[in-house]
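The values are calculated or read from the model by the stated rules, or taken from the named source; none is laboratory data. Predicted, not measured: the structure shown is a model, and the values here were computed from it. Counting neighbours? That spans all protein chains shown, and the Cβs are built from the backbone with ideal geometry, glycine included. Areas reflect the complete protein model, heavy atoms only, side chains present, ligands, DNA and RNA absent. Shrake-Rupley method; radii C 1.70, N 1.55, O 1.52, S 1.80 Å.
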Amino acid sequence: MRVIGKRVRRIDAIEKAFGKAKFTNDLSFPRMLHAAVVYPGVAHGVLRSLDVSEALKAPGVVAIATYKNVPNNEMGIVTKDMHVLVPVGGKIRFEADPIAIIAAETREAAEEATSLVNFDVEELQPVLTIDEALRDDPIVNGERNVAFQRKIRRGDIEKGFQESDLILEMDFETGYQEHAYLEPQSIIALWDGDNLTIYGSMQCPFYVHNDVAEVLKLPLNRVTVIQMETGGGFGGKEDVPSYIAVKAALLSYLTKRPVKLVYNRDMDFRETSKRHPSKSHYKVGFTKDGKIKAVKAAVYLDMGAYSTLTPIVMYRSLTHAASAYDVENIFVDVYGVYTNKVPTGAFRGFGSPQVLFAMERVMDEAAKRLGMDPWEIRYKNALEIGKATATGHVLEESVGAKETLEIVREISDYERLKEEVRKFNEGNKYKKRGLGWAHTIYGVSLGAAGQPLDASSGEVHVKMDGTVLVMIGGTEMGQGAKTVMALIVSEILGVDVDNVRVMQPNTSIVQDSGPTVASRTTVFSGNAIRIAAERIRDNIIEYLKSKGVEDIKIENGYWIADGKEIPFSEIAREANAANVKLAEMGWFSTPKLNFDFETGTGEAYVSYTFSTQLSLVEVDLLTGKVELKEAWVSHDIGKVLNPVGAEGQVEGGVVQGMGYAISEEIKHDENGRMLTTNFNNYIVPTIRDIPRVHVKFAESPFSKGPFGAKGLGEPSLMSSPPSIANAVTDALGILINRLPITPEEVLLKL
Amino acid sequence: MIAIKISFKLNGKWVEADVEPYKRALDFLRDDMGMTSVKEGCSEGECGACTIIVNGRNVHSCLMLAVELDGKDVWTLEGIIESGETYISEAYADVGAVQCGFCTPGFIVSTKVLLDENPNPKEEDIKKALEGNICRCTGYARIIEAVKEAARRKRGDAS
């Protein structure tokens, strides 16, 4: 291999590190207006009146849109349960449920005018917790607050418990997590009377494309969405940019002028999605030698005021509820519950961190009761080829689960580490250390619940100077997608990585490729690009053969013709002059998955990644502060295409998972207004808080992945929260069954 | 409202401008001077994406008024690169310290201030110098590595 698996520099690194990369807010257009959003500031109520006349008179204000101006005011990915703008007589379901949007000559003018919009709200009692919601009084949205349910019914759960020697019942709770991408939501919309162009920060240009066209009732071939450089997503720019884009697009549509809508951090916290808070009850049966016999779980997800992506998030909670283990008897219920708070949705892990935390805590408690080492009980139940996942998907290839457990045990020098921790704790009265394991699974791509979206397109164009242009539908948001695409093209075509440029996705150039979520871009966009590049390679080979070259090969990424190395630029120039087809499109979709939604059983995903983490924490008994000192991590992500990028993903994932586990907490007041709306009181990890992270991959190749790769974007986070919770439990000898483990929480428990 | 005339050195060159008294240095530099490497992440001096150098110190430009720049020596990443001082940016790119890139200019600006004062920083010095900058992608390990690598390059050590 020339570049695959080698340590290379990201193709977009210099542009970004030189300050040249263009994010949405860096763009400006002549006659551009700036937009602001009017919020009710009330969590639950009925909008009784709305008067924008005074605001319209404010200096600089050009247009104000209310529900009356929206061509199609119904929105929602799975169910149409939300409005673009709340109508008079309609319900306000959370404090930042937009009621009007303002376009003005300057951002200041637009923001000032928001306070001049007059409205009356008949307030209703807000529903603020899962427990309150379960009473169904009042109803937040639709017919019932518990609006969605998904289930697994597999094996014989009662028989499983009868055959168990130890049955554990435990309750768990997890809080919100805010994505805190550094670049807030940003969109610019340009309507010229015939065509609409959207520039924005987003993960899923095709979602924005469909949603904007639907709201404005425009044909899709008149709408173009271009993703700009995107300053982090983590799921927070999956569906949310659609809600931002329809606002900017509506104002542009009404004014025929370009409109920029850039959220400030306060708006971004209050209005845009978060990780779902959860409550769950687990009942798990084990034999006395540690084999899991039965898993029964009921999981409640707080989806906030609107369902948005929750029904799909619930699919992941369901399929990951038994973590990475071989269990025959499973009975799981996952419920989506409306409350009068910000709608929750996609966040790296997508409903799995909540249940993986719970199940991994159960595993540790079981090990303790059975006198087993927590590593051993995981190894004993780990998946391997021929065994079935929680949904009964029998694994046929690419199962490096046990290998990740073996690797972490080895690189951490586990036995010695345990001894060190014991000695530390003997010698310290007010500081205690602990070790915690987690072993997790992650389904690659959308799986059975998202099959209509699971196909991707990509184009490769070789220019006559030998440089290459690549167009994909997947987005770069920091995770390194562009670099992986360039590596694949470089390897197949024998071209320098530096000569490959990957364009920003444009919905008028690339066919709908589904969303950039679910750790699917390497497999889906990567395969589409692989197919396109291979076709061009074959076109060139055919041409070279036709002109008499006998022996042609690409060895380690270099062209060798009759024993002589030829630079790709020379080949490209010659092939172009000979009219060889140097532009190809690749299309990739996976074979359909068989899944029964009634019983929640079958082939849930195309493939799975497996992860193991060991965390070393130190807890200060006087302050309650938990510190993650060191983490050892191994992931089986198939073939590692870009080691530097992959290690960086894991380091970032461990730290983001640590934030979720110990410091990040969204709080509301008793009226449902959010109290934590910036980084002064929503505490994301800083450079002061980080652990030493050791990463080593297990590479169990996936035959349908490009060069054997699977995916990594999300699994990099999931092993972190449970291993930290297990480590804190180990350090203190008290049960940690709630996230985040804040100092207050620790001191209360002590 | 009456605009106020200010005169200051931006990236090595004197400039004059009329600014509204309420305008933030951040908006002035981005919108009027075209310095878009200066990013707005939180508007409250918490995230460091808008870091610039004023008289040799790194400051959050979202917490400063444009009129306060009067008479000062101001640097943004654009000027640092233009003056040929690219070694910090290259070190960030080379070791994998750049992911989404939104926080990167602020980190590089803070790194420059550190290395100008202390060409041989210890890990603790690096953490102290960069604690006002938030990165949500990398987990910071490679950023620390990048600063060490940049310091080596500045000192002329073989890397």
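So here's what we get for this one:
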quantity: Verdict on A:Ile666 being in a loop (DSSP other than H, G, I, E, B), away from every other protein chain (no Cβ under 14 Å) and crowded, with 19+ Cβ neighbours inside 10 Å; calculated: yes
quantity: Region A:464-495, residues that are more than 18 Å from A:Val644 (Cα to Cα) and assigned to a loop (DSSP other than H, G, I, E, B); calculated: A:Met464, A:Asp465, A:Gly466, A:Thr467, A:Gly473, A:Gly474, A:Thr475, A:Gly494, A:Val495
quantity: Criterion violated by A:Gly232 - all others in (1) open to solvent by 10 Å² or more (accessible area, probe 1.4 Å); (2) farther than 17 Å from A:His209 by Cα; (3) within 14 Å of chain B (Cβ to nearest Cβ) satisfied; calculated: (1)
quantity: Subset tally (residues that are outside any loop (DSSP other than H, G, I, E, B), open to solvent by 50 Å² or more (accessible area, probe 1.4 Å) and not aromatic (Phe, Trp, Tyr)) for region A:555-589; calculated: 11
quantity: Subset of region A:670-682 [more than 9 Å from chain B (Cβ to nearest Cβ) and either open to solvent by less than 60 Å² (accessible area, probe 1.4 Å) or among the polar types (S, T, N, Q) (or both)]; calculated: A:Asn671, A:Gly672, A:Met674, A:Thr676, A:Thr677, A:Asn681, A:Tyr682
quantity: Complete set of residues in region A:618-639 that are among the β-branched types (Val, Ile, Thr) and closer than 15 Å to A:Glu745 by Cβ; calculated: A:Val619, A:Thr623, A:Val626
quantity: Meets criteria (acidic (Asp, Glu) and over 30 Å from B:Cys103 (Cα atoms)) for A:Glu54; calculated: yes
quantity: Set A:Ala58, A:Ala109, A:Ala113: member being crowded, with 21+ Cβ neighbours inside 10 Å and among the hydrophobic types (A, V, I, L, M, F, W, C); calculated: A:Ala113
quantity: One residue from A:Tyr207, A:Tyr181 being open to solvent by 10 Å² or more (accessible area, probe 1.4 Å) and within 16 Å of the chain's Cα centre (by Cα); calculated: A:Tyr207
quantity: Residue list for region A:420-463, filter: among the charged types (D, E, K, R) and not in a loop (DSSP other than H, G, I, E, B); calculated: A:Glu420, A:Arg422, A:Lys423, A:Glu426, A:Lys431, A:Lys432, A:Arg433, A:Glu459
quantity: Residue within region A:723-734 that is surrounded by 24 or more Cβ atoms within 10 Å (Cβ to Cβ) and of a type in the set (Ser, Thr, Tyr) present; calculated: yes
quantity: Filter result for A:Pro685 (open to solvent by 30 Å² or more (accessible area, probe 1.4 Å) and part of a loop (DSSP other than H, G, I, E, B)); calculated: no
quantity: Which listed residue is over 19 Å from the mean Cα position of the chain (by Cα), farther than 24 Å from A:Ala661 by Cβ, open to solvent by 10 Å² or more (accessible area, probe 1.4 Å) and not assigned by TED's automatic domain parsing to the domain that holds A:Val684, from A:Thr255, A:Thr287; calculated: A:Thr255
quantity: Contacts under 7 angstrom Cβ, first residue in region A:1-28 being more than 7 Å from chain B (Cβ to nearest Cβ) and in contact (Cβ under 8 Å) with a residue 12 or more places away in the chain, partner buried (at least 19 other Cβ atoms within 10 Å of the Cβ) and of a type in the set (Phe, Trp, Tyr), 6 or more apart; calculated: A:Ile4/A:Phe707; A:Thr24/A:Tyr199; A:Leu27/A:Tyr199
quantity: Segments classed as strands (runs of 3 or more DSSP E), wholly inside region A:88-172, with at least 1 members that are among the charged types (D, E, K, R) and over 35 Å from the mean Cα position of the chain (by Cα); calculated: A:118-123
quantity: Filtered residues of region B:5-41 (kept if touching a residue at least 12 places away in the same chain (Cβ under 8 Å), of a type in the set (Asp, Glu) and in contact with a strand residue (DSSP E or B) (Cβ under 7 Å, 6 or more places away or on another chain)); calculated: B:Asp18, B:Asp32
quantity: Every pair of residues 6+ apart whose Cβ atoms lie under 6 Å, when the first sits in region A:688-716 and is within 19 Å of A:Gly653 (Cα to Cα) and within 14 Å of chain B (Cβ to nearest Cβ) while the second is buried (at least 19 other Cβ atoms within 10 Å of the Cβ) and among the polar types (S, T, N, Q); calculated: A:Leu712/A:Gln649; A:Gly713/A:Gln479; A:Gly713/A:Ser519; A:Glu714/A:Ser519; A:Ser716/A:Gln649
quantity: Output for region A:151-188, where each listed residue is within 14 Å of another protein chain (Cβ to nearest Cβ), farther than 28 Å from A:Leu735 by Cβ and of a type outside the set (A, V, I, L, M, F, W, C); calculated: A:His179, A:Tyr181, A:Glu183, A:Pro184, A:Gln185, A:Ser186
quantity: Residues (open to solvent by less than 10 Å² (accessible area, probe 1.4 Å) and either out of contact with any helix residue (DSSP H, G or I) (no Cβ under 8 Å at 6 or more places or on another chain) or under 14 Å from A:Tyr335 (Cβ atoms) (or both)) located in region A:290-310; calculated: A:Ala297, A:Val299, A:Leu301, A:Asp302, A:Met303, A:Gly304, A:Ala305, A:Tyr306, A:Ser307, A:Thr308, A:Leu309, A:Thr310
quantity: From A:Pro505, A:Pro515, residue being open to solvent by less than 40 Å² (accessible area, probe 1.4 Å) and under 21 Å from A:Val462 (Cα atoms); calculated: A:Pro505
quantity: Complete set of residues in region B:1-60 that are part of a strand (DSSP E or B), among the polar types (S, T, N, Q) and surrounded by fewer than 23 Cβ atoms within 10 Å (Cβ to Cβ); calculated: B:Ser7, B:Asn58
quantity: Region A:590-620 - residue that is surrounded by fewer than 21 Cβ atoms within 10 Å (Cβ to Cβ) and among the hydroxyl-bearing types (Ser, Thr, Tyr) and, of those, nearest to the chain's Cα centre (by Cα); calculated: A:Thr590
quantity: Failed criterion for A:Lys91 (all others in (1) farther than 30 Å from A:Glu670 by Cβ; (2) at pLDDT 95 or above hold); calculated: (1)
quantity: Residue list for region A:1-56, restricted to those being over 22 Å from A:Tyr306 (Cβ atoms), small (Gly, Ala, Ser) and assigned to a loop (DSSP other than H, G, I, E, B); calculated: A:Gly5, A:Gly19, A:Ala21, A:Ser28
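Residue-by-condition table, conditions (1) surrounded by fewer than 14 Cβ atoms within 10 Å (Cβ to Cβ); (2) in contact (Cβ under 8 Å) with a residue 40 or more places away in the chain:
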position: A:Leu128; (1), (2): no, yes
position: A:Glu132; (1), (2): no, yes
position: A:Glu143; (1), (2): yes, no
position: A:Val146; (1), (2): no, yes
position: A:Gln149; (1), (2): yes, yes
position: A:Gln162; (1), (2): yes, no
position: A:Leu166; (1), (2): no, yes
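Residue by residue, here is whether (1) assigned by TED's automatic domain parsing to the domain that holds A:Gly351; (2) more than 22 Å from A:Gly290 (Cβ to Cβ); (3) touching a strand residue (DSSP E or B) at 6+ places or on another chain (Cβ under 6 Å); (4) surrounded by fewer than 24 Cβ atoms within 10 Å (Cβ to Cβ) holds:
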position	(1), (2), (3), (4)
A:Lys387	yes, no, no, yes
A:Leu395	yes, no, no, yes
A:Lys402	yes, no, yes, yes
A:Arg422	yes, yes, no, yes
A:Lys429	yes, yes, no, yes
A:Gly436	yes, no, yes, no
